[in-house]
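What follows is a single structure, written as structure tokens, with notes after it.
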Amino acid sequence: MDIDDTLLDEKARRTRDLLASFYSPIPSASSNNPFSKHISPDDIDSSSFQPDQYMKIMARKSNLEGLLQKHVEMVAEIKNLDTDLQMLVYENYNKFICATDTIKRMKSNILGMEENMEQLLEKIMSVQSRSDSVNTSLCENREHIEKMHRTCNLLRKVQFIYDLPDRLGKCIKSEAYADAVRFYTGSMPIFKAYGDSSFQDCKRASEEAIAIIVKNLQGKVFSDSESMQVRAEAAVLLKQLNFPVDYLKTKLLEKLELSLTDVQIIPEVMKNEYPSVHEAAINEFVEALRAFRVIFPDSEKQLVKLAQDLLTKYFVIIEAYVMTRICSEDLLGVLRVIWNDVLRLVEVLEDISLSNHSLEATKNAVKLYIRSAFFHLMQDISDHLLKVLKRGGAEEYSLEVALDASIKAVYDGGSNVLLDIHKILDDNLEIVDKLRELIIDWVQQGYQNFFRALEVQFLSFLVRNNSSATQSHGLEGAQGDKAFPRLALVLAQLSAFIGQTAIPKITEDLAASFCRGSAGGYDYVLSFVPGVISQKFRAAGEKFLQLYINMRTQRISLLLKKRFATPNWVKHKEPREVHMCVDLFLQELKITGNEVKQILPQDLTKHRRADSNGSSASSRSNSFREEKEKLSRSNIQKGRSQQLLETHLAKLFKQKVEIFTKVEYTQESVVMTIVKLCLKSLQEYARLQTFNRSGFQQIQLDIQFLRTPLKEIVEDEAAMDFLLDEVIVAAVERCLDPIPLELPILDRLIQAKLAQHKEFDLISP
């Protein structure tokens with residue numbers, strides 16, 4: 001494409017040169033070229049072109065096809081030149097005709113021009129002579145008129161000076177102080193020249209009037225009822241009267257500082273008609289700043305300091321406002337009003353430091369808002385949890401309701417916080433858009449700190465025996481002891497939910513809506529680390545679950561300890577019925593079962609009564625009990641040492657039951673662990689006592705009665721039977737005369753107790 005353009009330009013240049021050389025005797029540019037003398041004779045465009053030599057060169061250099069191509073090109077070039085020549089002739093023909101006609105008309109019209117010019121000159125000379133005669137005749141009258149005009153002006157000025165006191169008095173009455181100052185300043189040159197002689201009285205009266213005006217203007221400047229614009233106009237007039245400017249500046253600045261109290265921002269009423277009130281106040285303040293700057297151009301620093309104080313007052317109010325429960329729309333509405341005020345102040349004062357000051361204050365306010373949002377989220381979770389510790393009338397607060405409310409507060413509340421903060425990022429407010437990267441970092445850091453604080457708050461409930469913790473929740477004695485296990489169970493399941501479900505979901509929300517910011521150089525660059533937090537909450541959940549088991553076990557263990565410590569087992573009477581402690585023990589287990597059913601799921605992977613010990617262990621335990629009863633009845637006359645030896649030999653062939661196993665988040669696992677620990681405690685308490693025959697028979701009756709209801713509660717019957725047998729064995733070891741009850745008597749007493757339970761169940765609602 002470039003080669004074709006170059007060829008066309010070269011062709012056009014040659015055409016122009018040829019036409020120029022044809023129509024003009026002046027040599028063309030190509031002929032004036034200093035290198036033209038070195039052009040070879042075969043150059044077709046040069047004046048020294050030799051056709052024969054050119055043809056010889058062409059025949060030698062080109063073949064037949066090249067010669068034909070060159071022939072075609074030259075024929076086309078000749079036709080183009082002929083066409084261009086015709087176009088030039090056609091275009092210039094009309095011009096030549098018009099020029100010829102014009103020349104003819106000029107020749108015909110210029111013939112009488114000299115006579116007309118001479119006549120015009122004679123007339124001009126005649127007019128000039130008559131004008132000179134008129135000026136000569138009116139010269140004396142003109143000088144007299146000018147003198148009279150000057151005298152009239154002087155008299156008019158003198159009359160103005162004499163009338164000045166009256167004019168000033170009228171201005172004072174009408175409060176037209178601007179006209180009065182203009183009249184007086186205009187008369188000052190005359191008073192300076194003739195005020196001590198001719199116009200002494202006028203000067204004195206005018207000064208008295210001006211003194212009144214100055215006093216009135218000072219009153220307007222320092223009057224609280226006057227607007228700042230009126231005060232500024234009065235200050236300008238006083239400045240024109242040479243009143244002390246520094247004094248005026250100080251007093252006006254004090255008034256301007258006091259006017260800051262009128263410019264207020266009340267976030268709570270921003271949605272009503274308050275914006276119009278604030279708009280009027282800030283407009284008056286801005287106009288006062290503009291007038292003050294016009295009056296005192298060197299007061300920029302003081303005015304900037306005043307504007308910064310106003311913005312500082314704004315953001316102090318906002319920082320207190322964001323600590324309450326507000327939404328992002330409320331915060332953006334207040335920030336939008338403040339940013340509009342900042343733009344107005346910057347427009348008047350032309351100082352960029354106000355924008356930077358507002359940006360820093362907005363950064364602190366938004367950061368505090370994000371921190372407040374997470375604080376209120378934690379407060380909501382705590383409120384739902386603390387309801388577990390309080391009684392709402394006759395009935396206790398449902399654990400399932402408390403857990404669901406807490407989960408909803410963590411899950412939905414966390415999502416609502418993210419959505420609310422994301423509205424700040426979606427807004428097109430300029431001052432907030434500059435903080436986008438920082439807001440993203442603050443949200444991630446806020447969630448990090450939120451879960452850390454939540455973990456600390458959960459773990460603070462581990463100190464159950466701390467009296468100050470009990471008093472802080474308004475709990476005393478048994479109520480606090482009963483409420484804290486419930487709270488520990490809710491915290492266990494809530495911590496597990498946070499570690500397994502909530503934190504992964506929140507991590508996805510953060511990745512989708514709050515991508516990692518790049519605000520390098522700031523202090524808040526820590527990101528949300530979900531793996532560590534999830535691990536901590538899972539560990540905390542295990543601690544709370546173990547804490548719940550310990551609390552329930554300790555409560556039942558204290559009951560069992562009191563049961564063994566109260567009577568004198570050596571002097572115990574024959575058993576008449578199952579002891580009341582068994583009922584209390586079963587009642588506590590029932591309460592525990594109801595609590596775990598509300599919170600924990602069932603274990604669907606295990607079948608009931610199919611633990612690792614299996615049915616073989618149960619059969620071995622049953623055979624051991626039968627063997628032990630036969631041993632007790634048939635070998636009463638045997639020695640005690642021989643009986644204990646046989647008992648220990650039988651225990652060697654039993655499968656050992658593990659007591660301290662890993663607790664799972666299931667109903668069966670928690671209840672079974674509590675039963676194991678309680679029966680183990682019962683065994684240890686039995687080992688610390690010494691029983692007579694009746695005391696041993698009472699223990700036998702209580703343990704035998706427990707077998708049936710415990711089968712309905714626990715999952716592993718083999719382990720339960722083993723531990724109950726261990727209690728009997730411990731009682732046998734500590735009994736002076738270990739003769740058990742007869743089976744008919746034992747069954748009759750157990751059936752009587754079961755009948756009482758059925759009757760109680762029918763009576764109770």
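The values are calculated or read from the model by the stated rules, or taken from the named source; none is laboratory data. For clarity, every value in this text was computed on a predicted model and none was experimentally measured. Note that we place each Cβ from the backbone using ideal geometry, even for glycine, and neighbour counts take in every protein chain shown. Note: areas computed on protein heavy atoms with side chains; ligands, DNA, RNA excluded. Shrake-Rupley method; radii C 1.70, N 1.55, O 1.52, S 1.80 Å.
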Checklist entry - Accessible surface of Lys711 in the full protein assembly, 1.4 angstrom probe, to the nearest 10 Å²? => result 80 Å²
Item to check | Cut-off under 5 Å, modelled amide H: who pairs with Cys735 long-range | outcome: Phe691
Checklist outcome for this item: For segment 122-176, the charge dipole (Cβ of Lys, Arg +1; Cβ of Asp, Glu -1; about the Cα centre) points to a positive end, and the Cα of Thr151, Cys171, Thr136 closest to that extreme belongs to Cys171
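Going by accessible area, probe 1.4 Å, with all protein chains left in place, what is the ranking of Met720, Met378, largest first?
Met378, Met720
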Checklist entry - Stretched out fully, how many nm does the piece from Asp246 to Asn116 gain, at 0.36 nm a residue minus the Cα gap? => result 39.1 nm
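FRET efficiency for Ile97 and Met74, Cβ-Cβ distance as r, R0 = 51 Å, nearest 0.05?
Given R0 = 51 Å and the Cβ-Cβ separation, E is 0.90.
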Checklist entry - How would Val214, Val388 rank on accessible area, largest to smallest, probe 1.4 Å? => result Val214, Val388
Checklist entry - What are the ³J(HN,Hα) values, in whole Hz, obtained from phi via the Karplus relation 6.51 cos²θ - 1.76 cosθ + 1.60 with θ = phi - 60°, for each residue of segment 65-80 in sequence order, with x given for Gly and Pro? => result 5, x, 5, 5, 5, 5, 4, 4, 5, 5, 4, 5, 5, 5, 5, 5
Next on the checklist: If you count only protein heavy atoms and use a 1.4 Å probe, how large is the accessible surface of Ser681, to the nearest 10 Å²?
Outcome noted: 30 Å²
Checklist entry - From a point 7 Å beyond the Cα of Arg707 in the direction of its Cβ, which residues of segment 574-602 have a backbone N at a distance under 17 Å? => result 578-579
Checklist entry - So how exposed is His149, as accessible area in Å² (1.4 Å probe, rounded to 10)? => result 110 Å²
Checklist outcome for this item: So for R0 = 51 Å, FRET eff. of Ser198-Phe222 from the Cβ-Cβ r, to 0.05, ends up at 0.85
Checklist entry - Just by accessible area at a 1.4 angstrom probe, what is the order of Asp383, Asp702, Asp426 from largest to smallest? => result Asp426, Asp383, Asp702
Checklist entry - From a point 7 Å beyond the Cα of Asn340 in the direction of its Cβ, which residues of segment 416-433 have a backbone N at a distance under 17 Å? => result 428-432
Next on the checklist: Give me the percent of accessible area attributable to carbon and sulfur for segment 310-435, probe 1.4 angstrom.
Outcome noted: 55 percent
Item to check | Nearest-0.05 FRET efficiency for Met323 and Cys581, computed from C-beta distance (R0 35 Å) | outcome: 0.05
Checklist entry - If you place +1 on the Cβ of every Lys and Arg, -1 on the Cβ of every Asp and Glu, and leave all else neutral, what size is the dipole of segment 296-419 about its Cα centre, to the nearest 20 Debye? => result 240 debye
